[in-house]
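Chemist: Have a look at the structure that comes next, please.
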Amino acid sequence: EPRALECYKKASTLDPTCVEAWEGIGYYLDVCDDDLKGAEKAFRKAIELGGTPDCYAGLARVVAQLGRADEARELLRECPYTDDEAVAEMIEEIEEGVWDRGS
């Protein structure tokens with residue numbers, strides 16, 4: 001297991017309420033491992049714990065990559081960070097089809 005992922009997982013074990021640990025796991029699984037299902041679970045856990053705008057953007061990106069762009073847009077439009085730049089950028093990228101995988 002790569003060191004970064006190992007550290008995120010250890011942090012989530014030491015403090016299961018650590019939003020940053022779950023967010024880190026989500027981004028790692030998405031970007032480095034291409035484990036979209038695992039990334040979705042990690043981002044959802046981070047959001048359940050009070051996630052940041054980046055958690056919502058990460059989850060939406062993963063959901064869009066899984067072929068659920070409508071769900072991704074809805075998630076971002078209903079999140080508590082609709083005015084955040086990261087959220088606005090992700091909505092735009094999803095609208096443009098940046099994260100479509102040609103399903």
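The values are calculated or read from the model by the stated rules, or taken from the named source; none is laboratory data. These numbers were taken from a predicted model, which means no experiment stands behind them. Here Cβ is always computed from backbone atoms with ideal geometry, including for glycine, and neighbour counts include all displayed protein chains. Quick note on the areas: whole protein, heavy atoms, side chains included, nothing else; ligands and nucleic acids left out. Shrake-Rupley method; radii C 1.70, N 1.55, O 1.52, S 1.80 Å.
Chemist: Which is modelled with pLDDT of 95 or more, of a type in the set (A, V, I, L, M, F, W, C) and in contact with a Phe, Trp or Tyr (Cβ under 9 Å, 6 or more places away or on another chain), of Ala88, Ala57?
Modeler: Ala57
Chemist: Looking at the range 69-89, which of its residues are open to solvent by 20 Å² or more (accessible area, probe 1.4 Å), under 21 Å from Gly38 (Cβ atoms) and touching a Leu at 6+ places or on another chain (Cβ under 9 Å)?
Modeler: Of everything in the range 69-89, just one residue is open to solvent by 20 Å² or more (accessible area, probe 1.4 Å), under 21 Å from Gly38 (Cβ atoms) and touching a Leu at 6+ places or on another chain (Cβ under 9 Å), namely Leu75.
Chemist: Sticking with this structure for a sec: Would you check if Asp35 is free of Cβ contacts under 8 Å to residues at least 12 places away in the same chain and in contact with a helix residue (DSSP H, G or I) (Cβ under 7 Å, 6 or more places away or on another chain)?
Modeler: When the stated conditions are applied, Asp35 passes them.
Chemist: Just give me the residues in the range 47-67 being closer than 17 Å to Gly97 by Cβ and open to solvent by 70 Å² or more (accessible area, probe 1.4 Å), in sequence order.
Modeler: none
Chemist: Still on this model: Suppose the filter is modelled with pLDDT of 95 or more, among the small types (Gly, Ala, Ser) and in contact with a Gly (Cβ under 9 Å, 6 or more places away or on another chain); does Gly26 pass it?
Modeler: yes
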